[in-house]
Amino acid sequence: MSRAAMAVLLGVAAAAAPAGEVEVLHWWTSGGEAKSVDELKRALATQGHAWRDLAVQGGGGDAAMTVLRSRVTGGNPPTAAQLKGPAIQEWGRMGVLANLDDVATEQRWDAQLPKVVAEAMKYNGHYVAVPVNVHRVNWLWINRDALRKVGTRAPQSWDEFFALAEKLQRAGIVPVAHGGQPWQEFTTFETVALGVGGADFYRKAFVKLDPAALKSGTMESVLTTFRRIKAYTDKAAPRRDWNQATAMVIRGEAAMQFMGDWAKGEFLAAGKVPNKDFLCVSAPGTERSYIFNIDSFAMFQLQSAAARTAQRALVTSIMSPAFQEIFNLNKGSIPVAAGVNMGRFDLCGQESGAYFTATAMINTLVPSIAHKMAQPAAVEDAFKETVAAFWNDERITSAQAMDRFVAAARPKP
Ligand code: GAL
């Protein structure tokens, strides 16, 4: 396809403006993630702009945030950085983000985006960030052959989940592929919290930080269920990257993984087919609810006009229907902008799209605390440390963990 034709497809003016360069900070380094980023690079190249990759290894983005802080405090911000939820507000308050209102008006973002998403992309009423996708966190990924070997259906409840885990263990298959990093433990934990406690409980605990939920009989059950899962992980789990854990499920060494649907990107990149080779099912107890994780890029104020032109091209491309489709087909997520053709999305994607709409209507759509959507960094970190400590050190009791949650939720003087 010619550059001009591709530019039309992406919804951008065929580049007459001088070429610039974008420097983009992100943490998409696994197989599926890298394929998705390549689509963005391609969109920029089509418009004649160069791409400088600032990829910081480390799923979940903790290391990337450290790099971002040092770049910005050093007076050398990137063009764009993967930032989400409350962090957009934190960076907005620092006065370093660019105003994207003109592009937003041109592309009618207010009409294209769900209201909550549009609000999250604005600081002080002005757009400063652009959303890429919607990930659903509360999935359980299952190797279909492994399930066949033990002759059981996908678990519909925690009782069925643990019964299946027992059978798999006896059959010599690692029941749960786990990557022992705090953010991964936190990801499993929030899914268990939703599955055991339900959406109202989840919201009270992790959005409202209500001490009565953070220290409660329900939270105790959540912690107990969470810890029970550990017995079904393998000894080599500590420090393992999430995509290595997914690879164990892909190869059939392990049967299941709790992970958001970026895991699907890995299955697809390995040539696996949903429903044939692997299953995407709602984690036990979470069929009627949805933990959302929206990836977005915040744009930084830049000095040079060429750099600003390239930045604008980046923003425009991200919100174009063609990009939202191709990126999300690779990433495992669903488009966040309206008007994208969902015809090419597989069953997991179709399901995610339907659940996203349905759960919003019945008020069981909740933001991911493990993926920086629900709380500012300081609160999120304190929770994450507590969850990881509880998982890794069996001497820590549920009561102690709950006390730490309550302390983490208390406003700091
Ligand atoms: C999440 C991010 C996803 C995904 C994952 C693992 O925080 O939202 O896009 O790639 O980390 O790196």
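The values are calculated or read from the model by the stated rules, or taken from the named source; none is laboratory data. Since the model is a prediction, treat every value here as computed from it, not as a measurement. Reconstructed Cβ throughout: ideal geometry from the backbone, glycine too, with neighbour counts over all protein chains shown.
Within segment 280-299, the set of residues being away from the ligand (no atom under 16 Å from the Cβ) and in a loop (DSSP other than H, G, I, E, B) comprises Ala283, Pro284, Gly285, Thr286, Glu287, Arg288, Ser289.
Would you be able to say whether some residue in segment 11-31 is of a type outside the set (S, T, N, Q), surrounded by fewer than 22 Cβ atoms within 10 Å (Cβ to Cβ) and in a helix (DSSP H, G or I)? Looking through segment 11-31, at least one residue is of a type outside the set (S, T, N, Q), surrounded by fewer than 22 Cβ atoms within 10 Å (Cβ to Cβ) and in a helix (DSSP H, G or I). Within segment 195-238, the set of residues being part of a helix (DSSP H, G or I), within 23 Å of the chain's Cα centre (by Cα) and among the small types (Gly, Ala, Ser) comprises Gly195, Gly197, Gly198, Ala199, Ala205.
Cβ separations smaller than 6 Å between residues 6+ apart or across chains give the following pairs from segment 32-58 residues that are within 17 Å of Leu68 (Cα to Cα) to residues that are away from the ligand (no atom under 15 Å from the Cβ): Arg52/Glu21; Arg52/Glu23; Leu54/Glu23; Leu54/Pro78.
Quick one: which helices (runs of 4 or more DSSP H) sit completely within segment 91-153 and have at least 1 residues that are within 30 Å of Thr73 (Cα to Cα)? The qualifying helices (runs of 4 or more DSSP H) are 101-106, 115-120. Look at (1) free of Cβ contacts under 8 Å to residues at least 40 places away in the same chain; (2) within 16 Å of the ligand (Cβ to nearest atom); (3) of a type outside the set (Lys, Arg) and you find that Ile369 fails only one, number (1).
Taking each residue of segment 88-116 that is free of Cβ contacts under 8 Å to residues at least 24 places away in the same chain and looking for partners that are of a type in the set (Gly, Ala, Ser) with beta-carbon atoms closer than 8 Å, six or more apart or interchain, yields Asp110/Ala104; Asp110/Ala118. Among the residues of segment 59-83, write down those that are without any contact (Cβ under 8 Å) to a residue 40 or more places away in the chain and not aliphatic (A, V, I, L, M). Correct list: Thr66, Arg69, Ser70, Thr73, Gly74, Gly75, Asn76. Selection over segment 112-135 of residues that are among the charged types (D, E, K, R) and either assigned by TED's automatic domain parsing to the domain that holds Val192 or closer than 25 Å to Gln301 by Cβ (or both) gives a count of 2.
When Arg203, Arg144 are checked against the criterion of being away from the ligand (no atom under 16 Å from the Cβ), over 16 Å from Ala283 (Cα atoms) and of a type outside the set (Val, Ile, Thr), a single residue qualifies: Arg203.
Within segment 259-279, if we keep just the residues that are within 29 Å of Thr225 (Cβ to Cβ) and assigned to a helix (DSSP H, G or I), the residue that is nearest to the ligand (Cβ to nearest atom) turns out to be Trp262.
Answer with yes or no whether Ala81 is part of a strand (DSSP E or B), crowded, with 19+ Cβ neighbours inside 10 Å and either touching a strand residue (DSSP E or B) at 6+ places or on another chain (Cβ under 9 Å) or of a type in the set (S, T, N, Q) (or both). Spelling it out, Ala81 is indeed part of a strand (DSSP E or B), crowded, with 19+ Cβ neighbours inside 10 Å and either touching a strand residue (DSSP E or B) at 6+ places or on another chain (Cβ under 9 Å) or of a type in the set (S, T, N, Q) (or both).
When every residue of segment 299-312 is checked against the conditions, at least one turns out to be out of contact with any Phe, Trp or Tyr (no Cβ under 9 Å at 6 or more places or on another chain) and among the hydroxyl-bearing types (Ser, Thr, Tyr).
Exactly one residue out of Glu166, Glu160, Glu185 is under 25 Å from Ala370 (Cα atoms) and either modelled with pLDDT under 95 or of a type in the set (Asp, Glu) (or both), and it is Glu185.
When the criteria are applied in full, Arg312 meets the requirement of being in a helix (DSSP H, G or I), of a type in the set (Lys, Arg), away from the ligand (no atom under 16 Å from the Cβ) and at negative phi.
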